[in-house]
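The values are calculated or read from the model by the stated rules, or taken from the named source; none is laboratory data. Quick caveat, the model's predicted, so the values are computed rather than measured. Ideal geometry is used to build each Cβ from the backbone, glycine not excepted, and the neighbour counts take in all protein chains shown.
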Amino acid sequence: MSRTRAVLGALIVLVLAFFLFVMAGASWLKRPWHGRSDDVSWAMNEAWRAIQQEKWSDAGPSVRSLQAAWRQVSPRIQFSVEIDDLMTFDESLERLKAAVAAKDKASGLVELATMKSRWRAMD
């Protein structure tokens with residue numbers, strides 16, 4: 001009886017520890033796990049650099065790289081961050097793609113600034 005209770009207690013502690021990690025682990029879960037392919041910060045900086053210099057031929061691939069990185073990271077952090085932060089980031093990413101397609105430097109930089117702000121808030 002006491003052995004069963006000890007195993008059950010240990011299991012409960014492990015489950016609670018797991019959920020605590022998932023709920024509070026956004027800063028760790030945001031970090032790249034696969035090099036540059038899921039490095040959202042790096043991709044945002046590359047897109048910023050390309051748009052700032054108005055190198056539209058580089059901006060398109062940079063934004064696609066950002067979108068690919070975001071697709072890998074967002075499922076990892078979805079239970080650790082506010083849904084509003086996720087939705088704002090998604091909306092800004094769509095507007096960023098449109099700004100790059102229109103070659104609109106001001107709009108692109110505004111959207112990237114919004115995305116960077118949301119990214120920092122996701123901790």
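Assorted remarks:
- Near pairs, Cβ below 8 angstrom, 6+ apart or cross-chain, from the range 16-34 (at pLDDT below 70) to any residue that is in a helix (DSSP H, G or I): Ala26/Ile77
- Of residues in the range 48-74 being hydrophobic (A, V, I, L, M, F, W, C) and more than 15 Å from the chain's Cα centre (by Cα), the one farthest from Ser117 (Cα to Cα): Trp56
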